[in-house]
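The values are calculated or read from the model by the stated rules, or taken from the named source; none is laboratory data. Only a predicted model underlies this, so the values are computations on that prediction, with no experimental measurement involved. Don't worry about glycine lacking a Cβ; one is built from the backbone with ideal geometry, like all the others, and counts go over all protein chains shown.
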């Protein structure tokens with residue numbers, strides 16, 4: 001068999017393994033039958049009912065709000081941690097701090113969620129903050145585990161970055177603050193954007209940690225979807241998944257076109 005044909009077949013099998021379940025879900029979102037796995041006919045009614053479902057719409061808006069804020073704060077803190085651990089070489093017990101910054105990456109979510117729940121309860125008893133579980137506790141929780149991902153990305157980028165450029169700028173009399181904003185920040189900007197997007201995705205997708213730390217009025221989209229799936233497959237959830245997949249595809253195509261235009265320039 002031709003090697004190129006074998007590579008194409010292997011690639012097709014790999015993509016089918018990844019995307020066939022998603023395509024099946026999208027196809028059944030157009031099923032007229034309320035029983036998800038029994039095809040009755042083509043219909044768009046579940047999309048209409050989805051946009052009339054106030055519970056899902058409210059959970060979606062809460063998830064977007066929490067994910068945006070947590071990604072922003074996690075990116076700021078992650079850049080500070082990654083930059084400090086990379087640039088300051090004389091930190092006492094530096095390997096220990098690097099371990100602390102990356103430990104949430106390998107920590108099981110159930111342990112992280114339980115520890116955050118106990119922390120919020122203890123903090124409430126000691127200083128009265130937070131007063132109750134809600135969007136604020138979910139936000140703090142998502143910032144906590146997202147910081148590690150951003151810090152690792154920034155450390156990786158700065159480790160491969162030629163520091164001689166900064167030293168040359170210092171020799172020419174440039175102030176340290178200007179060196180960061182004029183030289184370092186533009187170089188690591190793609191990593192900052194990648195860290196923000198990763199933190200946003202992790203927050204939007206989180207179920208376990210949010211289940212421990214959420215309260216009244218703080219049900220995120222994964223929690224609402226999971227509660228609906230436990231009662232049986234819902235065509236509205238299929239429609240929601242199809243819309244999210246469409247948004248992801250549009251974003252990926254948009255990024256590809258921008259990247260392609262930049263390469264041509």
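Numerical summary
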{"item": "Hey, residue 238 touching a helix residue (DSSP H, G or I) at 6+ places or on another chain (Cβ under 6 Å), touching a residue at least 24 places away in the same chain (Cβ under 8 Å) and assigned to a loop (DSSP other than H, G, I, E, B) or not", "result": "no"}
{"item": "Residue check, residue 60 at pLDDT 85 or above, within 25 Å of residue 204 (Cβ to Cβ) and touching a strand residue (DSSP E or B) at 6+ places or on another chain (Cβ under 6 Å)", "result": "no"}
{"item": "Test: residue 139 is closer than 17 Å to residue 203 by Cα, under 24 Å from the mean Cα position of the chain (by Cα) and surrounded by 17 or more Cβ atoms within 10 Å (Cβ to Cβ)", "result": "yes"}
{"item": "Test: residue 57 is crowded, with 20+ Cβ neighbours inside 10 Å and in a helix (DSSP H, G or I)", "result": "no"}
{"item": "Some residue of the range 107-120 being in contact (Cβ under 8 Å) with a residue 24 or more places away in the chain, farther than 28 Å from residue 200 by Cβ and more than 19 Å from the chain's Cα centre (by Cα)", "result": "no"}
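Okay, residues lined up against (1) touching a residue at least 60 places away in the same chain (Cβ under 8 Å); (2) part of a helix (DSSP H, G or I):
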residue: 14; (1), (2): no, yes
residue: 22; (1), (2): yes, yes
residue: 34; (1), (2): yes, no
residue: 50; (1), (2): yes, yes
residue: 66; (1), (2): yes, yes
residue: 71; (1), (2): yes, yes
residue: 89; (1), (2): no, no
